[in-house]
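Please read the structure below before turning to the comments.
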């Protein structure tokens, strides 16, 4: 069950106190007629509160990347592990968007967080967000963006998507938004001009489902999420197929605010980096589908930063 467990790494869904939180543009009956959002409705990092860390407990923020129908049981195991090693309470905080997660780290409401690589680069530019550790999965610390269409579709490339319906994930997602926007910009295009219509699903699995159900013609999704979904349900390949694979990008990191107490940062780093040598840590890693954690490569996210600068995506 390694692959199914890894679906939770970097792809956790939000469910709080049993309340189902549906992505904008989606309700129990399916996608609403007007699912497009305005980026002006997103919280601005410039309006985030100053850094005031909560010293009574350690909060670990995880963005909602899949749909809100899953649980965070495996991440609770990680929180319990951290709590025992730190000898202090550790609380998992479920965020509804990448922007919200970044805001929690910026303000100190979360001492550390798991973020999308695109959100990390945005946070690094905004307030100096720093990577603490990165997961090693199947010997790799990278992932890809997949362009997917229905299995019966005649669409074969990005050029074929002109005047089609498209699904992005989160506005700060690298694989689910930045990559396609960057590719369009190189063609002198914008999503507004190129696509007939587009939506934000706020989760990679909802984007996959939107394509499978014919609600959109195509979507860009995280390769790790898509591969998990296919491994968990092989019949998905009868409804959806991958027609393009991006270059590799640095995997979703665990991050901290640059102003975190140095002693806490060193303690957290030591715990994460030593998990694979500790029997209990090995059990937690196995549930998450992670080989180990390792020190981040500072150059791993340069290509994402270059795309962000080239497109001025916000």
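Quick look at the numbers
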item: Unique residue being in contact with a strand residue (DSSP E or B) (Cβ under 8 Å, 6 or more places away or on another chain), closer than 19 Å to residue 98 by Cα and surrounded by fewer than 23 Cβ atoms within 10 Å (Cβ to Cβ) when the list is 223, 175; result: 223
item: Residue within segment 184-196 that is in contact with a helix residue (DSSP H, G or I) (Cβ under 7 Å, 6 or more places away or on another chain), surrounded by fewer than 20 Cβ atoms within 10 Å (Cβ to Cβ), at pLDDT 95 or above and within 23 Å of residue 234 (Cα to Cα) present; result: no
item: Which numbered condition residue 221 misses (of (1) under 16 Å from the mean Cα position of the chain (by Cα); (2) modelled with pLDDT of 95 or more; (3) part of a helix (DSSP H, G or I)); result: (3)
item: Of all residues making up segment 255-290, the number that are within 21 Å of residue 174 (Cβ to Cβ) and at pLDDT 95 or above; result: 2
item: Every residue from segment 291-312 that is touching a helix residue (DSSP H, G or I) at 6+ places or on another chain (Cβ under 8 Å), over 20 Å from residue 224 (Cα atoms), at pLDDT below 95 and surrounded by fewer than 20 Cβ atoms within 10 Å (Cβ to Cβ); result: 305, 310, 311
item: Among residues of segment 78-104, those that are outside any loop (DSSP other than H, G, I, E, B) and more than 8 Å from residue 61 (Cα to Cα), counted; result: 16
item: Residues satisfying the stated conditions in segment 107-125, i.e. surrounded by fewer than 23 Cβ atoms within 10 Å (Cβ to Cβ) and either assigned by TED's automatic domain parsing to the domain that holds residue 200 or in a helix (DSSP H, G or I) (or both); result: 107, 124, 125
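The values are calculated or read from the model by the stated rules, or taken from the named source; none is laboratory data. Quick caveat, the model's predicted, so the values are computed rather than measured. Glycine gets a Cβ as well: all are built from the backbone with ideal geometry, and neighbour counts include every protein chain shown.
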